[in-house]
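Read through the structure below, which is laid out as structure tokens, and then see the notes.
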Amino acid sequence: MKRIIGLMSGTSLDGIDAALIETDGERVTRFGPGETQSYSTSDRAILQDAVDRALAWGFDGAAPGFEAAERVLTLRHGLAVQRVLDAAGLASTDIDLIGFHGQTVLHRAPQAGCNGQTLQIGDGAALARATGIAVVHDFRSADMAAGGQGAPLAPLYHDALARQSGLERPLAILNLGGVANVTWLAPDADPIAFDTGPANGLIDAWCQRMIGQSYDAGGKLAARGQVDQSALESLLTHAFFQLAPPKSLDRWDFTLDPVLTLSAADGAATLTAFTARTVADAIKALGRPERLLVGGGGRHNPVLMAAIGDAAGVRPEAVEAADWRGDLLEAEAFAWLAARVAENLPTSLPSTTGAREPVCGGRITRPD
């Protein structure tokens, strides 16, 4: 068993989740402490600038430099590692690996027989030097080189955790981050996984634009509004929903254009209904699960959770109902994936990303 600290910084740019687990890449024998560290306003501005420049670049021509953002990422992730070490009463020499996702700034899914491209910025070598711990990073590139979507990557961890918890199948595990993705676990079958559409990303962007807040706390803004059916139907015409899974998207693949004429409350209500409808449609296409477990920040939004339940016909439960750590689940996943990279085990399957074959994705960089 290895002691590994997993690190995750999502597309919402709100902060870093860090978690310590002991694992061999199959089972987790111990769940150690975890920490959530928010980015400062200046950190977020630097990271958002990196996203904006990546979107303007679009993998066409010379890549822009991301040095300022990578310095922020190295510093903040290093501090997150140290906070976990302090909480565990351990030294860096007690840790075998760090699983470092980095920050996604641009993602282009495969199309028309051409491989996709993805970019997670973050200097694995600098983080290894800063912490004195070997770092596993660049988890997605190998999958995309094998024709895969490069996302989502947590489903194999979901499968292992559900098996370890003895949960009844079929089971659906939904992640509500900037983008929503679902893992479908059927009895005696490989996991199926794919992005279902936006989760919090559009709602967050709407709140920032309309009320100067980074998210709809408790769904209170949406609760005051009415769903505009015309705008909802316009959102649902996006070509992504016609694609068969496995499929993936970038948080920025959707725009706010269909709701720009609405009030702040009606726009929030419509975007919340949009997330709920697309999640429900994806789950219904897979079957009816015994349970629908929900991770990610969206599980804290009772209005969104209720809308998903109404649309899907299945009561969603926060993953804490299964004794999982919802705020740390993705960080744990990248620690677990790091162990699999060290053991040369698959981190994705054709059924989870569409890669031609099982892929072990990730590179190990040592402090020296």
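The values are calculated or read from the model by the stated rules, or taken from the named source; none is laboratory data. Here the structure is a predicted model, which is why all the values come from computation and not from measurement. No Cβ is skipped: glycine too gets one built from the backbone with ideal geometry, and neighbour counts run over all protein chains shown. To get the accessible areas, we keep the full protein, side chains included, count just its heavy atoms, and leave off ligands, DNA and RNA. Shrake-Rupley method; radii C 1.70, N 1.55, O 1.52, S 1.80 Å.
With r as the distance between the Cβ atoms of Thr261 and Asn344 and R0 = 41 Å, compute the FRET efficiency 1/(1 + (r/R0)^6) and round to 0.05.
So the FRET efficiency works out to roughly 0.15.
Summarise the accessible area of the range 6-146 (1.4 Å probe, protein heavy atoms) by the percent that is carbon and sulfur.
48
Which of Gly147, Gly166, Gly197 moves the most in a Gaussian network model of the chain with Cα springs under 10 Å?
Ranking Gly147, Gly166, Gly197 by mean-square fluctuation puts Gly166 first.
Semi-axes of the equivalent ellipsoid for the range 137-272, please: Cα gyration tensor eigenvalues, times 5, square-rooted, ordered largest first, whole Å.
31, 17, 14
Would you mind estimating how fast the range 6-159 diffuses translationally, via Stokes-Einstein at 20 °C and 1.002 mPa s with the Kirkwood radius over Cα pairs, in µm²/s?
This corresponds to a translational diffusion coefficient of 130 µm²/s.
Just to confirm, what accessible area per residue do you get for the range 51-92 at 1.4 Å probe, in whole Å²?
Heavy-atom accessible area per residue stands at 50 Å².
Could you list, bin by bin from short to long, the percent of Cα-Cα pairs of the range 1-79 in 10 Å steps?
17, 38, 26, 17, 2
Of all DSSP beta bridges located in the chain, what percent are antiparallel, nearest 5?
Counting only bridges with both partners in the chain, antiparallel ones make up about 70 percent.
Using only the Cα atoms, work out Rg/Rh for the range 295-364, with Rh taken as the Kirkwood radius, to two decimals.
On the Cα set of the range 295-364, Rg over Rh gives 1.11.
Using the Cα centre of the range 262-368 as origin and beta-carbon charges of +1 (Lys, Arg) and -1 (Asp, Glu), tell me which of Thr270, Thr353, Ala335 is placed farthest towards the positive end of the dipole.
Thr353
What list of ³J(HN,Hα) values in whole Hz, one per residue of the range 46-60 in order, does the Karplus curve 6.51 cos²θ - 1.76 cosθ + 1.60 (θ = phi - 60°) give from phi, with Gly and Pro shown as x?
So the Karplus estimates, Gly and Pro as x, are 5, 5, 5, 4, 5, 5, 4, 6, 5, 5, 5, 6, x, 6, 10 Hz.
For the range 161-230, what does the equivalent ellipsoid look like in terms of its semi-axes, each the square root of 5 times an eigenvalue of the Cα gyration tensor, given largest first in whole Å?
Semi-axis lengths for the range 161-230 are 33, 12, 11 Å.
Pull up the cross-link candidates among the lysines for Lys247, meaning alpha carbon to alpha carbon under 28 Å and not fewer than 8 places away within one chain.
Filter leaves Lys284.
Suppose each label sits 7 Å from its Cα in the direction of the beta carbon; what would the Ser165-Asp310 distance come out to in nanometres?
2.7
For Cys360, Cys207, give the ranking by accessible area with the largest first, probe 1.4 Å.
Cys360, Cys207
Could you tell me how far the Cα centroid of the range 332-361 sits from the Cα centroid of the range 29-59, in Å?
Value for the Cα centre distance between the two parts: 23 Å.
Using only the alpha carbons of the range 222-329, determine the length spanned along each of the three principal axes and report them from longest to shortest in whole angstroms.
43, 34, 26
Name the residue, out of Gln48, Gln117, Gln242, whose mean-square fluctuation peaks in a Gaussian network model built on the chain with Cα pairs under 10 Å.
Among Gln48, Gln117, Gln242, the largest mean-square fluctuation in the Gaussian network model of the chain belongs to Gln242.
Expressed as a fraction of 2.2 N^0.38 Å, the rule-of-thumb size for a compact globular protein of N residues, what is the C-alpha radius of gyration of the chain?
0.93
Pairing the Cα long axis of helix 329-342 with the longest principal axis of the chain, what angle in degrees results, from 0 to 90 and rounded to the nearest 10?
40
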